[in-house]
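The values are calculated or read from the model by the stated rules, or taken from the named source; none is laboratory data. Since this is a predicted model, take the numbers as computed values, not measurements. We place every Cβ from the backbone using ideal geometry, glycine too, and count neighbours over all the protein chains shown. Just the protein is used for accessible areas: all its heavy atoms, side chains included, with ligands, DNA and RNA removed. Shrake-Rupley method; radii C 1.70, N 1.55, O 1.52, S 1.80 Å.
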Amino acid sequence: MNIRECSEQWHTQRLFVFLTTAFSLFLVFMLLTAQAHAREGRKSESAIFLPFNVELSGNHQYLRDGLTSVLASRIATRTGVRTVYGTSAAREITSYLQTGRQEKAFKALHNSGVDYIIMGSLADENGKFLLTVEVVRRKGEGRLKQFTRQVETIEEALPAMDELAWDVSVDIFGVARPKKVAASTSKGDGMSAFQTEHPDRAYKKGMYAGILAGFDSGNLRLLDTRRSPKIPYGVNDMDAGDLDGDGNVEIVMAAVDKLYIYRYSDGHFKKIETIDLDGYLRVHAVSLADLNGNGILEIYVSANNEQKPESTVIEWNGREVRFLHKRVPYYLHIATPEGKPVLLGQIGAPHTAIRAVIGREVYVLEPGPEGEYIRGDTISLPKGLTVFDIAYADLDGSGKQKMIAINRANNLQVYDESGTLLWTDPGEYGASSNYLGTMATAARSNTKIYVPPKIVVHDVNGDGIADIVVGKNRMKVVKYFKRYRYFEGSSIVALGYQQGKLVPLWETKKLPDYTVACQVVTPQGAEKGKKEGKFRLFFAQGQNNYSFGFWQTRSSSLFMYEIGPNKQEDE
């Protein structure tokens with residue numbers, strides 16, 4: 001190699017080193033600039049930090065504010081987000097949430113204008129100490145994300161909080177973690193975090209990938225699906241049926257003090273009536289039945305006036321609304337204890353029970369003189385159950401009605417006609433954010449009485465024997481708020497009674513939101529629909545009940561799934 005060739009090679013190598021170095025410096029500059037811009041952008045965002053909930057025996061309450069201060073200051077330094085903690089607003093919101101006054105907490109959070117709520121707890125866990133931080137973002141429909149670390153001694157709590165602050169800064173705010181403090185994500189380090197799938201993606205997966213698990217290979221298949229546009233209010237319950245006898249299905253949606261009637265026709269949901277109720281009422285349940293035999297379904301509205309039941313019975317014939325009974329002093333529910341629909345009424349709390357909202361006695365109610373109801377037969381319920389927890393069906397073709405119930409632990413149970421418990425399903429069903437009483441009575445009471453989604457009785461597999469259909473909400477609790485529950489999606493499941501136990505027949509794939517209630521009806525042309533084995537599943541979902549809807553406007557959606565036998569069976 002001559003001198004000229006060596007010189008050219010030397011210059012080429014120097015040029016490569018120069019360009020490589022320059023490019024590396026450019027990347028570092030861009031990364032630092034991006035992080036600086038990110039921190040600068042975060043300055044327009046704010047987060048409110050609630051005081052830590054310290055659940056330890058002994059004198060450890062000093063950690064309540066200390067842990068909060070460490071977490072807030074570290075996150076502020078690393079992200080640039082504006083922090084709010086130790087203020088009267090933070091203490092007020094904490095008080096509302098920890099005493100179950102969720103509506104007031106939501107209003108206060110909305111008025112505060114903050115973008116994040118961050119809260120934490122320190123608790124004893126099998127002799128060690130568990131630190132938990134939970135973050136809710138204003139954007140993203142209020143989904144909660146949780147971070148945990150476990151420490152051996154209380155002295156390790158503050159250093160662990162520094163690591164949790166990094167976890168939050170990286171995962172929530174997108175800040176790069178320095179290598180020297182990079183945390184292991186192995187299962188053994190005591191850290192965990194979760195995030196639910198985006199509901200739109202989850203819904204589309206369910207809608208277009210065989211939404212009813214097992215239908216494509218089993219006896220049934222999904223024939224058609226319909227979804228309403230978003231409805232701009234939340235509802236506590238719904239029921240469906242042909243209210244006016246015209247062959248179309250109407251859906252009654254029960255909000256707190258209003259009823260909305262939708263008609264399902266030609267594949268569309270259309271609102272056709274709004275019924276205003278007395279403003280002092282809080283509606284918790286609605287059910288439909290034609291008990292007076294005039295061919296028009298009555299609407300039985302179960303509601304509270306403060307802690308007392310004050311229910312209403314309405315009839316709508318497609319043109320006008322008639323109030324048949326008002327100020328009915330019972331909780332109302334339609335059931336079939338003897339095989340045919342009757343109206344059940346459960347009394348309110350005795351006068352001596354200051355904080356209670358419901359009593360034990362349940363009666364069959366019959367129309368009496370002057371528009372009042374009179375008590376008929378007494379219905380005996382197992383302790384802890386209300387009329388909203390039960391349904392009756394001949395589950396085995398024996399001609400005898402068994403009682404199906406959802407207990408306080410959200411387990412499905414089956415009782416025989418004498419009240420003997422036959423079966424308890426270990427799974428969790430029902431679960432609800434709907435409760436008896438009002439916001440004020442719930443705040444005064446130590447225990448909320450929840451109203452689960454109604455249990456629907458229908459022969460869904462065409463074998464001539466009744467099955468049950470019920471919503472299955474995925475309930476979660478928050479370590480910080482013992483009285484707060486939220487839901488990470490739901491499904492709807494059908495079960496049959498075989499060999500002394502309830503057996504799943506089918507279950508929808510996971511739905512993104514909370515299932516308010518469901519109902520099954522036979523399509524138009526009832527006899528033809530029964531012969532063909534088709535039925536329609538109507539249900540309402542509430543976006544407001546997904547996780548922490550602190551800043552979300554209450555809204556709902558209606559759905560229809562038409563289900564029938566597989567083509568192979570039709571052929």
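Measuring from label point to label point, each 7 Å out along Cα→Cβ, what is the SER44 to MET439 span in nm?
Once both label points are built, they end up 3.2 nm from each other.
Hey, rough spin-label estimate for ASP276 and THR99, points 7 angstrom out along Cα→Cβ, what's it come to in nanometres?
3.2
Mind giving me the nanometre distance, one decimal, between the label points for GLU428 and GLN61, set 7 Å out from Cα along Cα→Cβ?
Roughly 3.2 nm, to one decimal.
Apply the a/c threshold of 1.5 to the C-alpha gyration tensor of segment 318-398 and tell me whether it is rounded, prolate or oblate.
Verdict is oblate for segment 318-398.
Between rounded, prolate and oblate, where does segment 251-304 land on the alpha carbon gyration tensor, with a ≥ b ≥ c its root eigenvalues, rounded for a/c under 1.5, else prolate if a/b exceeds b/c? Display every interim value, and only then the final one.
Numbers: a/c = 2.43, a/b = 1.22, b/c = 2.00.
Oblate.
Name the long-range amide H neighbours of TYR373: under 5 Å, sequence gap of 5 or more, or other chain; modelled H, no Pro or chain starts.
Those lying under 5 Å, H to H, from TYR373 are GLY368.
Within the set LYS230/LYS326; LYS308/LYS448; LYS139/LYS230; LYS230/LYS534, which residue pairs have Cα atoms separated by over 20 Å?
Result: LYS230/LYS326; LYS230/LYS534 exceed 20 Å.
Leaving ligands, DNA and RNA out of it, work out the accessible area of VAL342 with a 1.4 Å probe and give it in Å² to the nearest 10.
30
Check TYR392: other-chain or 5+ apart residues with amide H under 5 Å from its amide H, H built from backbone geometry?
For TYR392, whose amide H was placed from the backbone, the distant partners under 5 Å are THR336, ILE404.
Would you mind getting the accessible area per residue of segment 407-465, heavy atoms of the protein chains only, 1.4 Å probe, in Å²?
Ligands and nucleic acids excluded, the figure is 41 Å² per residue.
Rounded, prolate or oblate: which fits segment 363-520, taking a ≥ b ≥ c as square roots of the Cα gyration tensor eigenvalues, rounded meaning a/c under 1.5, else prolate when a/b beats b/c?
oblate
Please work out the FRET efficiency for the pair VAL321 and HIS268, using the Cβ-Cβ distance as r and a Förster radius of 22 Å; give the result to the nearest 0.05.
After rounding, the FRET efficiency stands at 0.45.
Of all accessible surface on segment 447-521 at a 1.4 Å probe, what whole percent is carbon and sulfur?
C and S fraction of accessible area: 48 percent.
Using a 1.4 Å probe over the heavy atoms of the protein chains, calculate the carbon and sulfur portion of the accessible area of segment 234-298 as a whole percent.
Carbon-and-sulfur percentage of accessible area, whole number: 43.
Near the amide H of HIS325, under 5 Å away, which other amide H atoms are found, from residues 5 or more places off or on another chain, if H is placed in the peptide plane?
VAL313
Give a residue-ordered list of calculated ³J(HN,Hα) values for segment 87-95 (Karplus: 6.51 cos²θ - 1.76 cosθ + 1.60, θ = phi - 60°; whole Hz; x for Gly, Pro).
Coupling constants for segment 87-95: 9, 5, 5, 5, 5, 5, 4, 4, 4 Hz.
Taking R0 as 30 Å, what's the FRET efficiency between ASP257 and THR447 from their Cβ-Cβ distance, rounded to 0.05?
My answer for the efficiency is 0.80.
Please find the FRET efficiency linking ILE154 to SER73, where r is the Cβ-Cβ separation and R0 is fixed at 22 Å, and quote it to the nearest 0.05.
0.60
Per residue, how large is the accessible surface of segment 304-357? Use a 1.4 angstrom probe and give square angstrom. Can you show the working numbers first?
Details: 2790 Å² over 54 residues.
Each residue of segment 304-357 exposes 52 Å² on average to a 1.4 Å probe.
Read phi for every residue in segment 253-267 and hand back ³J(HN,Hα) as whole Hz from Karplus 6.51 cos²θ - 1.76 cosθ + 1.60, θ = phi - 60°, with x for Gly and Pro.
Result, rounded to whole Hz: 9, 9, 8, 4, 9, 9, 10, 10, 10, 10, 10, 9, 8, 6, x.
With θ set to phi - 60° and the Karplus curve 6.51 cos²θ - 1.76 cosθ + 1.60, what are the ³J(HN,Hα) couplings of segment 119-127 in order, to the nearest whole Hz, using x for Gly and Pro?
Here the 3J(HN,Hα) series is 9, x, 8, 10, 9, 6, 9, 6, x Hz.
Averaging sequence separations of C-alpha pairs under 8 Å and six or more residues apart, then dividing by the length of segment 253-389, give the relative contact order as a whole percent.
With pairs under 8 Å counted, the relative contact order is 14 percent.
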